[in-house]
1. Filter segment 6-43 down to residues that are basic (Lys, Arg) and without any contact (Cβ under 8 Å) to a residue 40 or more places away in the chain and give me whichever is nearest to Leu54 (Cα to Cα).
2. Just to be sure before I move on: is Glu29 within 12 Å of the chain's Cα centre (by Cα), modelled with pLDDT of 85 or more and loosely packed, with under 13 Cβ neighbours inside 10 Å in the structure I sent?
3. Of all residues in segment 58-75, which are exposed (fewer than 10 other Cβ atoms within 10 Å of the Cβ), at pLDDT below 65 and not charged (D, E, K, R)?
Amino acid sequence: MQWQYKTLLIEFQKDGLLGDKYIDEEKTEAALNAEGRLGWELASTTLVPEGMMLFCKKELVPGQEPESVVEKDTEVEQEELPNDSNGLGSIKIF
């Protein structure tokens with residue numbers, strides 16, 4: 001079996017100006033459900049200084065190329081999912 005992988009950064013949100021940082025469960029669930037509909041499965045998570053990094057995987061069909069082939073030392077563009085109008089952070093797909 002061959003796999004392709006994707007990482008999602010769920011950024012911390014703040015409750016008010018000096019409030020505690022937290023992960024928005026609804027935004028996280030929406031992002032995971034959107035990726036799941038595209039065939040991605042959550043494989044692992046880890047906390048990073050900016051928030052929570054999610055690692056997803058999807059099986060490659062024999063002969064299929066990964067959706068995004070990245071050469072070594074190539075900068076990868078980030079795609080941002082729409083952000084709420086309340087300015088509470090964003091979810092970045094690498």
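1. Within segment 6-43, the subset basic (Lys, Arg) is 6, 14, 21, 27, 37.
Filter again for without any contact (Cβ under 8 Å) to a residue 40 or more places away in the chain, leaving 21, 37.
Numbers: Lys21: 18, Arg37: 16 Å.
Applying the filter and picking the extreme gives Arg37.
2. On the way: within 12 Å of the chain's Cα centre (by Cα): yes; modelled with pLDDT of 85 or more: yes; loosely packed, with under 13 Cβ neighbours inside 10 Å: yes.
Against the criterion (within 12 Å of the chain's Cα centre (by Cα), modelled with pLDDT of 85 or more and loosely packed, with under 13 Cβ neighbours inside 10 Å), Glu29 qualifies.
3. Just the residues of segment 58-75 that are exposed (fewer than 10 other Cβ atoms within 10 Å of the Cβ), to begin with: 61-63, 65, 69, 71-75.
Keeping just the survivors that are at pLDDT below 65 gives 69, 71-75.
Of everything in segment 58-75, those that are exposed (fewer than 10 other Cβ atoms within 10 Å of the Cβ), at pLDDT below 65 and not charged (D, E, K, R) turn out to be Val69, Thr74.
The values are calculated or read from the model by the stated rules, or taken from the named source; none is laboratory data. Bear in mind the structure is a predicted one, so any value in this text is a computation, not a measurement. In this analysis, Cβ positions are derived from the backbone assuming ideal geometry, glycine residues included, and neighbour counts consider all displayed protein chains.
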